[in-house]
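Chemist: One structure, as structure tokens, below. Some questions next.
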Amino acid sequence: MPHYPNLITSKLPTVGTSIFTTMSKLAQECNAINLSQGFPDFSCSGELVKLVHQHMKIGHNQYAPMAGVPALREAIAKKTNELYSISYDPETEITVTAGATQAIFTAISALVREGDEVIVFEPAYDCYTPAIELSGGKAVYAQLKFPGYGIDWEEVKKLIKQKTKMMIICTPNNPSGNILTASDMQKLEKLTKNTDIIILSDEVYEHIIFDGYEHQSVARYPKLAERSIIVSSFGKTYHTTGWKMGYCLAPKNLMSEFRKAHQYIVFSANTAVQYAYAEYLQHKEDYLQLGKFYQQKRDYFLSLLKSSRFVPLPVSGSYFQLLKYTGITKEKDTDFAVRLTREHGVASIPVSVFYHKPQDNKVLRFCFAKSSETLEKAAKILCAV
């Protein structure tokens, strides 16, 4: 093998392959039931697929406008106003993105500078910190309080410094399934008052809320909305994660900066899919009933696990269920997740990987966005562990 000179020093020296890629690959190798990565194993709406096909046949196959197809931005504005009583200008305050992860990366790239600090709540979805570090910023961590995964706002207050540029919140939270309450939002509003802190609000599971709770978007709170970039996901709402389509909402001054970066990161998102969503958003029942749809799956999955030695933690949103396994083994969660996949045939995600310094509470995350048949097969195995 030829010798190659070491031409680079990694900008992400501690980053390896994503845990989602790792566990999904292991699940495939072991022919295991994959409850690790967060995607449905059932089909999306046939009508939605037909709409995409129709728009491809019509000829909507070239670049969309950089900010997104106007009809889709107008439909998003209408939906947001109906849900949260706030008006975003489709022309200057809404941008369609190639998935929520791209939106998050773009927002951080556009607004975080060398030396800026960004407050991140752990356990945190794994795309936040790498984007911060690539922008020259520093992630400052606040831990959600186990086992309820609530926020200690007094602790957060102590983390705010002159260098604090941004705070990233996620509700419903991935991986914990916890949601922020109206009280949380009021405390956040008070904490950021008279500061220049930008809120990046990851709300991709906004329609997957359980037990009669109501999604507390920052859009509901005018003083928060004026300093916030909100990220949402069509993939999570319409069971189309592979289409990689999301959107951003932000006041004009923030969106202007967002778009400066967006146009050079992806320029625009899939055209035919945008036209299809613009029409399909008229079916309000699809997103208004989504919480009920997934609550039934959560409850069914939990009912199947009643005879198991796993202990479920409360989940108020998202399509993930955390299960504590201290009654089964004292293994590290990373080791147990691998063994559970290899020896028993069910893949999950160890929650310790969502911390910058692994915190092992002996908890695994299972995705229940699956068919009843898949959940039944998985639960039967888990009950025998």
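The values are calculated or read from the model by the stated rules, or taken from the named source; none is laboratory data. Note that the structure is a prediction, hence the values are computed from the model and not measured. Counting neighbours? That spans all protein chains shown, and the Cβs are built from the backbone with ideal geometry, glycine included.
Chemist: On the basis of being over 21 Å from ARG113 (Cβ atoms), buried (at least 19 other Cβ atoms within 10 Å of the Cβ), at pLDDT 95 or above and aromatic (Phe, Trp, Tyr), does PHE258 make the cut?
Modeler: no
Chemist: Take region 242-275 and flag every residue that is outside any helix (DSSP H, G or I) and without any contact (Cβ under 8 Å) to a residue 24 or more places away in the chain.
Modeler: Matches in region 242-275: none.
Chemist: Only residues in region 316-327 that are more than 13 Å from SER36 (Cα to Cα) count as the first member; pair them with residues that are acidic (Asp, Glu), Cβ under 7 angstrom, at least 6 apart or cross-chain, and list the lot.
Modeler: SER316/ASP211
Chemist: Oh, and also: Can you go through VAL273, VAL315, VAL346 and tell me which one is closer than 14 Å to ALA378 by Cβ, of a type in the set (Val, Ile, Thr) and buried (at least 19 other Cβ atoms within 10 Å of the Cβ)?
Modeler: Sole residue among the options that is closer than 14 Å to ALA378 by Cβ, of a type in the set (Val, Ile, Thr) and buried (at least 19 other Cβ atoms within 10 Å of the Cβ): VAL346.
Chemist: Sticking with this structure for a sec: Could you please let me know if ASP286 is part of a helix (DSSP H, G or I), more than 30 Å from LEU51 (Cα to Cα) and acidic (Asp, Glu)?
Modeler: no
Chemist: Is at least one residue of region 117-134 assigned by TED's automatic domain parsing to the domain that holds TYR221 and at positive phi?
Modeler: no
Chemist: Still on this model: State the number of residues belonging to region 77-106 that are touching a residue at least 40 places away in the same chain (Cβ under 8 Å), over 17 Å from ARG259 (Cα atoms) and either in contact with a Cys (Cβ under 9 Å, 6 or more places away or on another chain) or crowded, with 19+ Cβ neighbours inside 10 Å (or both).
Modeler: Qualifying residue count for the region: 2.
Chemist: May I ask you to say which residue of LEU288, LEU302, LEU323 is out of contact with any strand residue (DSSP E or B) (no Cβ under 8 Å at 6 or more places or on another chain) and modelled with pLDDT of 95 or more?
Modeler: LEU288
Chemist: Sticking with this one: Can you name the residue in region 339-358 that is of a type in the set (A, V, I, L, M, F, W, C) and in contact with a Leu (Cβ under 9 Å, 6 or more places away or on another chain) and is also nearest to ALA139 (Cα to Cα) among such residues?
Modeler: Checked region 339-358; the qualifying residue nearest to ALA139 (Cα to Cα) is VAL351.
Chemist: Answer yes if at least one residue in region 206-215 is in contact with a Leu (Cβ under 6 Å, 6 or more places away or on another chain) and more than 21 Å from TYR125 (Cα to Cα), and no otherwise.
Modeler: Checked against the condition, which is being in contact with a Leu (Cβ under 6 Å, 6 or more places away or on another chain) and more than 21 Å from TYR125 (Cα to Cα), region 206-215 yields no hits at all.
Chemist: Additional query: Only one of TYR128, TYR221, TYR213, TYR141 is of a type in the set (Ser, Thr, Tyr), surrounded by fewer than 17 Cβ atoms within 10 Å (Cβ to Cβ) and more than 20 Å from LEU322 (Cα to Cα); which?
Modeler: Exactly one of TYR128, TYR221, TYR213, TYR141 is of a type in the set (Ser, Thr, Tyr), surrounded by fewer than 17 Cβ atoms within 10 Å (Cβ to Cβ) and more than 20 Å from LEU322 (Cα to Cα), namely TYR141.
Chemist: Select from region 1-23 the residues that are touching a strand residue (DSSP E or B) at 6+ places or on another chain (Cβ under 7 Å) and at pLDDT 90 or above and list them in ascending order.
Modeler: The one that is touching a strand residue (DSSP E or B) at 6+ places or on another chain (Cβ under 7 Å) and at pLDDT 90 or above: MET23.
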